[in-house]
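The values are calculated or read from the model by the stated rules, or taken from the named source; none is laboratory data. The structure displayed is predicted, hence computed values, not measured ones. Here Cβ is always computed from backbone atoms with ideal geometry, including for glycine, and neighbour counts include all displayed protein chains. When the accessible area is computed, the model is the full protein with side chains, heavy atoms only, and any ligands, DNA or RNA have been set aside. Shrake-Rupley method; radii C 1.70, N 1.55, O 1.52, S 1.80 Å.
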Amino acid sequence: MSERVRFIEHAGKKILFIDFTNCSHDEGMHLLADIQATVEEQPRGSLLIFADFHGAQFDRQIATRIKEVLVFDRPYVKRSAWIGTETVPHVFYENFKRFSQRELPIFASREEALAWLVQED
């Protein structure tokens, strides 16, 4: 696990934090490999994921790889929350949701995202 993919704790719950902040193309590609390796080590249906995309660079190749990872991750993820998606082109975001068949809620702040992740169903 890298510094950009690590577990944090919030309200007594373990959350996988994915830090895309200011990622270049190459950093993003390496990060996506780290995400996939980390996720496959977890029990299915167990993961709470918090992703921060502030300042991340996006192109078609990164978007395609994100879609692939989102599909791979689907069986492992209980809930995910994103922030900082201003640099994510809207068409990419819509494709992420459609391709992965997952809801990918966006929040205005870290606090809102984390609070939503740990709420009980």
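Computed quantities for the displayed model
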{"read-out": "Gained length - Gln119 relative to Arg44, 0.36 nm times residue gap less alpha-carbon distance", "value": "25.1 nm"}
{"read-out": "Debye, to nearest 20: dipole size of the chain, +1 on Lys, Arg Cβ, -1 on Asp, Glu Cβ", "value": "380"}
{"read-out": "Label-point separation in nm, Ser2 to Ala37, each point 7 Å along Cα→Cβ", "value": "1.0"}
{"read-out": "Cα-only Debye scattering, the chain: base-10 log of I(q)/I(0) at q = 0.14, 0.17, 0.19 Å⁻¹", "value": "-0.53, -0.81, -1.04"}
{"read-out": "Semi-axis lengths, Å, segment 44-98, gyration tensor of Cα atoms, sqrt of 5 times eigenvalues", "value": "20, 13, 9"}
{"read-out": "Carbon/sulfur fraction of accessible area - the chain, other protein chains in place, 1.4 Å, %", "value": "48"}
{"read-out": "Area accessible to solvent at Glu68, 1.4 Å probe radius, in Å²", "value": "90"}
{"read-out": "Label-point separation, Lys13 to Arg102 (7 Å along Cα→Cβ), nm", "value": "1.5"}
{"read-out": "Rounded if a/c under 1.5, otherwise prolate or oblate - segment 1-52, Cα gyration tensor axes", "value": "oblate"}
{"read-out": "Dipole of the chain, positive end: most advanced residue of Thr64, Leu16, Met29 [Cβ charges, Cα centre]", "value": "Thr64"}
